[in-house]
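Okay, structure first, notes after.
The values are calculated or read from the model by the stated rules, or taken from the named source; none is laboratory data. Computed from a prediction, not measured in an experiment: that's the story for all the values here. Cβ sites come from the backbone with ideal geometry, for glycine too, and all protein chains shown count toward neighbours.
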C-alpha cells in the first residue's frame, strides 16, 4: 500500500536526522562510535592474525614502526589486540543491552499497565535488583556460571535492567491514563494489543535513550569484571588487556603503551554512548527540545 | 424498523469506587470510604434518539456514560441492549456489545494515539474484530468512514498524524473510528467542549446527520444546557449521581420544575444583554460524592428546602407525559407553593 | 477617566519558521471601574495582547510598535526592572487554571502573605492580617486562611487566586480565561464576584475568553479579535444587538440561544489563518461568506458607527441587508 506511508516514514526520519545534525553532542558521539565500530569490524580483516599468538616480537617493546603500539609482556602486538578487543567489548555492550532492554521494557510495561498486585510483585522484584550491591552479585554470578563471554553478557544483562523497568513503568502509568488508551479500550482492544501497539511505541523513545546509556554501563562492567580477573581468558577484550597490564606491572615499569590504549578506548566508547544517549533524549523528548 | 425501538435500557445502575486511603488510615479505620459516583439511575434510549445528560462535574454523568459501555465496573443494576441483558462477565458477549456501542471522547487532542497514522487509528476496530481481509478493503472502509465524518476527500487524511490535524479534524477522525463498525449506539462525552465555537456547530451537525441517516441512538453528555437543548430529543439533569429531572428537551428548557434545573437555566450563558436577569446563582459547590447529604441530595443548596427534604429522598415521579422530576414539591401530598 | 489605552500595539514572535504577527495593530481603551471582554478563537492573539500589557511574553515575543498607556504613561518601553514594579502593584493577572498554581504543601494564607511581603514593605503579621481581609473580600471565610489547597474546592481556590491578585490594590486586573476550567454554577459565582469587586474597588478588568456568551452579565465593552487584529469593538449592547462585522455576527450565532429558533447555526468554514503569512487585505476574507474582490486587496480601516463602536470591514452590516 503504501508508497505514501513509506514517504511519511522517510519524512519523519529526515526530520530526525535534521534535528540530529544540529546536535553537536550527538554528532560527536556518532563519529567516535562509528570509528570504533568500523575499526573493530574491519580492523581484524585488514590485519588477519591470532591476537592470542605470543612471541611475534620481544616482550614489552615500546611503540616502533613494526609494532605501532608496542608489545605486551608476552610479546603480543598491542594494536592488533586492541582491534580484536574492541570487537569483544562492543559485542558485550550491544548484546547485554539487548537483554537488559527486553527485560526492562517488558517488566516495566506489564507492571505499569496492570497495576495492583502485578505491579507490587514486579516492582519489589525490580527493587531487589536495583538495591543489591551490583559488584558482589556479578562476582558471585560470574564465579558460579564460569567466565565465558556469554556468561558475562548474561550477567550484565540481567543486572542492569532494573532502572529501565522503573522508568518505563512510570511512563506507562502516565500513558495508560491518557484518553486515547481509553478510546482504544472502548473500541474493544484487549490488553495485549494495547500494550504492544499503543503503549510500546509511546515509551520507545524513552527506552531507546535510556538503553544507549546502558550500553555504556555494560562496557564498563565488562571492563571491570575482566580487570578483576573474571573475564573470558580466551578472548582479548579491553578489560582483559587492562587486567594483563596491571598484572604484569606495566604501570609501575612505565610501559604506558600497554595500559593507556585500552583505557582510552574504553573511555572514548563509553563517552560516545553517553553523548548519543543524551542527544537522543533531547531529540526524541520534545519537552527538552528547544524551539 | 420501528421508530420507538428501544436500544439501551439502564435499570437501577450504581457505580461505586473505594477511595484510596493512606496506609495508616487503612490500618486504623475499619470503615471503607466509598464514592457513590452513580447512585441508582434508570434511563431509556430509543433508536434514532439523542438523550442529553446534563450536570456539573462531580454529578457522575461521565461515569454513567462509561459504565453503560463497561469502561468502568458496574456495582449494581443492569443494562439491556436491544432488550437483551448484557452479561459483563462474558468476554465474548462484551466484545459483541462493544462492536455495536461506541464512545466519542471529550478531548480530541488526547484521544488519538500520537504515534498512529489516521488510517491505522480508524481501521483499528476492524482489525480487532477481524473484519477486514485485504489492505484494499481496509483502505476503502477507512476512506468511507472518514468521508461520512466530514473529512473529504478521505484519501487526503489517511497518512497524516494527529498533530497534523486541527482540533475539529481530529474529533472527526475519532468519530470515524467509532463509525467504522456501524454501531447502533454512541456515547458522546462532551464531544465539542474542547473545540472553538466556530468548529463546534459543524460537529453537532455531523452528529445530528448521523442520527437521521443511520437511526443512531446517542447519549450526549454535556455541562452546557443550551447545547443539550439544541441537539437532543430528551434531556436528563443529573445531580450527585442521580437523575433529578428528565423530559423532552423543550419541556425541560421552557417548563422546568426541579429547583436545580431552574437554577442551571437561570445562569445559563446566553449571548444577550441581560443586565437585570433574575439569576439564581447557587451558593457553594456540588458536595463530595463520598458524603451525599441525607434526604434529598440537593437540599443543602436548595432555596425551597423544607423539613421533609432533609429526611426523605424524593422519588422520580411522572408529572406530565414523559416529564419526570424527583422533588418533594411536586408530590401529591404536598400542597405548598 | 481613562485607565488604560492601547494604541496600535504590535507584538511579534520570532520563531524558526518565521515571524508570527500575533498582535498586529490593536487599539482599545478602558476606564476605571470598567470591564472589557477580549474575545476570539484560539490563536487570535487575545492572550498575547494581555501578556504584552504586563510584559510576561515568552522569550521569542517582542513588542515592536505602538504604545500601552497606563494612566497616561507609556509602559510598553519600560525596562524590565521598572515593569517588575508595576506587576502585581498596578496590574495583576489571573491565569487560566490558576487554582492549580497553588503550592500543595503550604497553607493558602501563607502563600498570599508571602506574595504581599514580596511586593510591599510590611511585616509578615500585617501580611497575614491583609490576607484575612482579602479572604473576606472574595467571600471566603477568613478563618480558612490556615487551610491547605486540597481542603479547598476548585471554585474556592480560584477565589483565593483572585484574593492574591488583589493583594496590592491593583488598578487593573487581567483574567485569562478565569472561569474556563470551572463548572457553570461556579463560573457564574466567580463572574459575579469579579463584577462586584471592580465596582467596589473601582478597578479596570480585562476578561479574556473564547466564550462570547458569558460576557453579557459582566462586561461593559467587548473587543472581538480575529487573527491579531480587532474586528469589532463596542459596548455589550453594540456587539450583541447591533454588530456590524461578519465575524462577530457569525461567532455570535454559533451560540445556541434558547429564546430563539432551535436551529443549528452554520459553522464558520475553514480555519483561522497562519499568522506567519496572514491573508492579504482583510484577514477574514477567506472564511467570509460576504467577501468581494476588494476584501482580498485592501485592508479595511476601522469604521465608526457611533461613539465607542467601531468595526473593520468593507461591507459592515451586509448580513442585515440579506435578511
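Assorted remarks:
For every residue, the table says whether it meets (1) part of a loop (DSSP other than H, G, I, E, B); (2) within 14 Å of another protein chain (Cβ to nearest Cβ); (3) within 18 Å of residue B:241 (Cα to Cα); (4) modelled with pLDDT of 85 or more.
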{"residue": "B:260", "(1), (2), (3), (4)": "no, yes, yes, yes"}
{"residue": "B:265", "(1), (2), (3), (4)": "no, yes, no, yes"}
{"residue": "B:278", "(1), (2), (3), (4)": "yes, yes, no, no"}
{"residue": "B:287", "(1), (2), (3), (4)": "yes, yes, yes, no"}
{"residue": "B:295", "(1), (2), (3), (4)": "yes, no, yes, yes"}
{"residue": "B:298", "(1), (2), (3), (4)": "yes, yes, yes, yes"}
{"residue": "B:313", "(1), (2), (3), (4)": "yes, no, yes, yes"}
{"residue": "B:318", "(1), (2), (3), (4)": "no, no, no, yes"}
{"residue": "B:333", "(1), (2), (3), (4)": "yes, no, no, no"}
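- Only helices (runs of 4 or more DSSP H) whose full extent lies in the stretch A:176-291 are considered here, and the ones with at least 2 residues that are in contact (Cβ under 8 Å) with a residue 60 or more places away in the chain, more than 14 Å from chain B (Cβ to nearest Cβ) and surrounded by 23 or more Cβ atoms within 10 Å (Cβ to Cβ) are A:200-227, A:238-247, A:256-284.
- Check on residue C:227, surrounded by 18 or more Cβ atoms within 10 Å (Cβ to Cβ), more than 9 Å from chain B (Cβ to nearest Cβ) and touching a strand residue (DSSP E or B) at 6+ places or on another chain (Cβ under 7 Å): no
- Here the condition is being more than 15 Å from the chain's Cα centre (by Cα) and surrounded by fewer than 17 Cβ atoms within 10 Å (Cβ to Cβ); of B:36, B:115, B:95, it holds for B:95 alone.
- Within the stretch C:275-287, the set of residues being touching a helix residue (DSSP H, G or I) at 6+ places or on another chain (Cβ under 9 Å) and either within 11 Å of chain B (Cβ to nearest Cβ) or in a loop (DSSP other than H, G, I, E, B) (or both) comprises C:279, C:280, C:281, C:282, C:284, C:287.
- Consider the stretch C:66-92 and keep the residues that are at positive phi and modelled with pLDDT of 85 or more. The one that is surrounded by the most Cβ atoms within 10 Å (Cβ to Cβ) is C:66.
- Only one entry in B:176, B:145, B:188 is in a helix (DSSP H, G or I), more than 10 Å from chain C (Cβ to nearest Cβ) and in contact (Cβ under 8 Å) with a residue 40 or more places away in the chain, namely B:176.
- Filtered residue count, the stretch B:211-226, keeping only those that are within 14 Å of chain C (Cβ to nearest Cβ), touching a residue at least 60 places away in the same chain (Cβ under 8 Å) and over 13 Å from residue B:104 (Cα atoms): 5
- In the set C:290, C:311, only one residue is farther than 30 Å from residue B:228 by Cβ, assigned to a loop (DSSP other than H, G, I, E, B), in contact (Cβ under 8 Å) with a residue 40 or more places away in the chain and touching a helix residue (DSSP H, G or I) at 6+ places or on another chain (Cβ under 8 Å); that residue is C:290.
- Strands (runs of 3 or more DSSP E) fully within the stretch C:1-101 that include at least 1 residues being more than 25 Å from residue C:210 (Cβ to Cβ): C:2-15, C:18-31, C:61-70.
- Listed by first and then second residue, the pairs with beta-carbon distance under 6 Å, at least 6 apart or on different chains, first residue in the stretch C:146-172 and within 10 Å of residue C:135 (Cα to Cα), second in a loop (DSSP other than H, G, I, E, B), are C:159/C:138; C:159/C:140; C:162/C:138; C:163/C:138.
- Residues located in the stretch B:224-239, provided they are in a loop (DSSP other than H, G, I, E, B) and either at pLDDT 90 or above or in contact with a helix residue (DSSP H, G or I) (Cβ under 6 Å, 6 or more places away or on another chain) (or both): B:232, B:233
- Residue within the stretch B:79-96 that is touching a residue at least 24 places away in the same chain (Cβ under 8 Å) and closer than 29 Å to residue A:174 by Cα present: yes
- In the condition set (1) modelled with pLDDT of 85 or more; (2) at negative phi; (3) within 14 Å of chain A (Cβ to nearest Cβ), residue B:70 is compliant with all but (2).
- The lone exception for residue C:297 - which of (1) more than 14 Å from chain B (Cβ to nearest Cβ); (2) crowded, with 18+ Cβ neighbours inside 10 Å; (3) more than 18 Å from residue C:319 (Cα to Cα) it fails: (2)
- Any hit, the stretch A:155-166, residues being touching a helix residue (DSSP H, G or I) at 6+ places or on another chain (Cβ under 7 Å), assigned to a helix (DSSP H, G or I) and over 30 Å from residue A:141 (Cα atoms): no
- Count of the stretch C:231-245 residues, restricted to those that are more than 10 Å from every other protein chain (Cβ to nearest Cβ) and out of contact with any helix residue (DSSP H, G or I) (no Cβ under 6 Å at 6 or more places or on another chain), is 5.
- Which listed residue, of C:272, C:256, C:267, is assigned to a loop (DSSP other than H, G, I, E, B), under 24 Å from residue C:23 (Cα atoms) and within 14 Å of chain B (Cβ to nearest Cβ): C:272
- Being free of Cβ contacts under 8 Å to residues at least 40 places away in the same chain and either in contact with a helix residue (DSSP H, G or I) (Cβ under 9 Å, 6 or more places away or on another chain) or closer than 23 Å to residue B:216 by Cα (or both) holds for only one residue in B:110, B:102, B:106, and it is B:110.
Listed here are the residues, each with its yes/no results for (1) over 20 Å from residue B:265 (Cα atoms); (2) at pLDDT below 90.
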| position | (1), (2) |
| --- | --- |
| C:165 | yes, yes |
| C:169 | yes, yes |
| C:172 | yes, no |
| C:180 | no, yes |
| C:184 | no, yes |
| C:187 | no, yes |
| C:190 | no, yes |
| C:196 | yes, yes |
| C:204 | yes, no |
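- Residue check, residue C:321 within 20 Å of the chain's Cα centre (by Cα) and either within 17 Å of residue C:210 (Cβ to Cβ) or in a helix (DSSP H, G or I) (or both): no
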